[in-house]
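Structure, as structure tokens:
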Amino acid sequence: MASVVQKKICLLGAFAVGKTSLVMRYVNSIFGEKYHTTVGVKIDKKKLVSNGQEITLMIWDLAGQDDLTRLRTSYLRGVAGYVIVADGTRPFSLNTAINMHKEAREYTGDVPFIVAINKADLRKEQWQVEAEQIKALEDSGATIILTSAKTGDGVEETFQLLTHNILESESENKPLDDIENS
């Protein structure tokens, strides 16, 4: 296997959508019922293998955002991809996520991203995000995964798919002389 590669990814979303819980579930396989507010950014590491390549993900869990705060684009410097997290029980969080995505795109360009709609373990009657909203996102080209930090559903898939997409994107954008010399 080739040398270990590090990739920086960020989790973006409104306050209390479950970004920190998703990271805790993915990195440490644990879930806590207690809400933890992220101040600024919290960074975790996770090693995995994708496409036969050993990868260390540097996962930046950014503080939640609302309509009064702007995304701190300096945190996006050097990002290889990101996960936009929304809460299925709070429709405004999807709007916040979409706005953050637009803001992030202006700074990062066309890096891979995944939309994680979290709290999929809750009963569907508690969900307020409409199927039409999800369909519109999918139609715009977004990959959407329903996740639950509590049960772990969709969590591993989210990070694995994002990592795979990052590696695919980088191999497609590799300069011709790099390909000839590899």
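Residue-by-condition table, conditions (1) at pLDDT below 85; (2) out of contact with any helix residue (DSSP H, G or I) (no Cβ under 6 Å at 6 or more places or on another chain); (3) surrounded by 13 or more Cβ atoms within 10 Å (Cβ to Cβ):
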residue	(1), (2), (3)
MET24	no, yes, yes
VAL27	no, yes, yes
PHE31	yes, no, yes
THR38	yes, no, yes
ASP44	no, no, yes
LYS47	no, yes, no
ASN51	yes, no, no
GLU54	no, yes, yes
ASP67	yes, yes, no
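For the stretch 76-90, how many residues meet the condition of being closer than 21 Å to GLU170 by Cα and either under 14 Å from the mean Cα position of the chain (by Cα) or at pLDDT below 85 (or both)? Of the residues in that region, 7 qualify. Of the helices (runs of 4 or more DSSP H) that lie entirely inside the stretch 126-182, those containing 3 or more residues that are of a type in the set (Val, Ile, Thr), within 19 Å of the chain's Cα centre (by Cα) and modelled with pLDDT of 80 or more span 155-172. Write out, first by first residue and then by second, each pair whose Cβ atoms fall under 7 Å of each other, whose residues are 6+ apart or on separate chains, and whose first residue, in the stretch 1-23, is more than 14 Å from ALA149 (Cα to Cα) while the second is among the aromatic types (Phe, Trp, Tyr) and open to solvent by less than 30 Å² (accessible area, probe 1.4 Å). Here the result reads ILE9/TYR82; CYS10/TYR82; LEU12/TYR82, each pair linking the stretch 1-23 to a residue that is among the aromatic types (Phe, Trp, Tyr) and open to solvent by less than 30 Å² (accessible area, probe 1.4 Å).
Inclusion of LEU94 among residues that are without any contact (Cβ under 8 Å) to a residue 60 or more places away in the chain, over 16 Å from LEU162 (Cβ atoms) and assigned to a loop (DSSP other than H, G, I, E, B) is not warranted.
In the stretch 97-125, what residues are more than 18 Å from ASP153 (Cβ to Cβ) and outside any helix (DSSP H, G or I)? The answer is GLY109, ASP110, VAL111, PRO112, PHE113.
Does ILE9 count as open to solvent by less than 50 Å² (accessible area, probe 1.4 Å), under 23 Å from ASN95 (Cα atoms), at pLDDT 90 or above and among the β-branched types (Val, Ile, Thr)? It is true that ILE9 is open to solvent by less than 50 Å² (accessible area, probe 1.4 Å), under 23 Å from ASN95 (Cα atoms), at pLDDT 90 or above and among the β-branched types (Val, Ile, Thr).
Of the residues making up the stretch 80-90, those that are in contact with a strand residue (DSSP E or B) (Cβ under 8 Å, 6 or more places away or on another chain) and surrounded by fewer than 20 Cβ atoms within 10 Å (Cβ to Cβ) number 1.
Cβ-Cβ distances below 9 Å connect the following pairs, each with a first residue in the stretch 108-131 that is more than 30 Å from GLU170 (Cα to Cα), a second residue that is of a type in the set (Phe, Trp, Tyr) and part of a loop (DSSP other than H, G, I, E, B), and a separation of six or more residues or different chains: LYS119/TRP127; ALA120/TRP127.
Residue-by-condition table, conditions (1) closer than 27 Å to VAL79 by Cα; (2) surrounded by 18 or more Cβ atoms within 10 Å (Cβ to Cβ); (3) among the aliphatic types (A, V, I, L, M):
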position	(1), (2), (3)
THR108	yes, yes, no
ILE117	yes, yes, yes
GLN128	no, no, no
ALA142	yes, no, yes
ILE145	yes, yes, yes
ALA149	yes, yes, yes
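In this structure, is SER93 farther than 16 Å from ALA149 by Cα, buried (at least 20 other Cβ atoms within 10 Å of the Cβ) and at pLDDT below 90? Judged against the criteria, SER93 is a match.
The values are calculated or read from the model by the stated rules, or taken from the named source; none is laboratory data. Since the model is a prediction, treat every value here as computed from it, not as a measurement. Note that each Cβ is placed from the backbone with ideal geometry, even for glycine, and that neighbours are counted across all protein chains shown. In case anyone asks, the SASA skips ligands and DNA or RNA and just uses the protein heavy atoms, side chains included. Shrake-Rupley method; radii C 1.70, N 1.55, O 1.52, S 1.80 Å.
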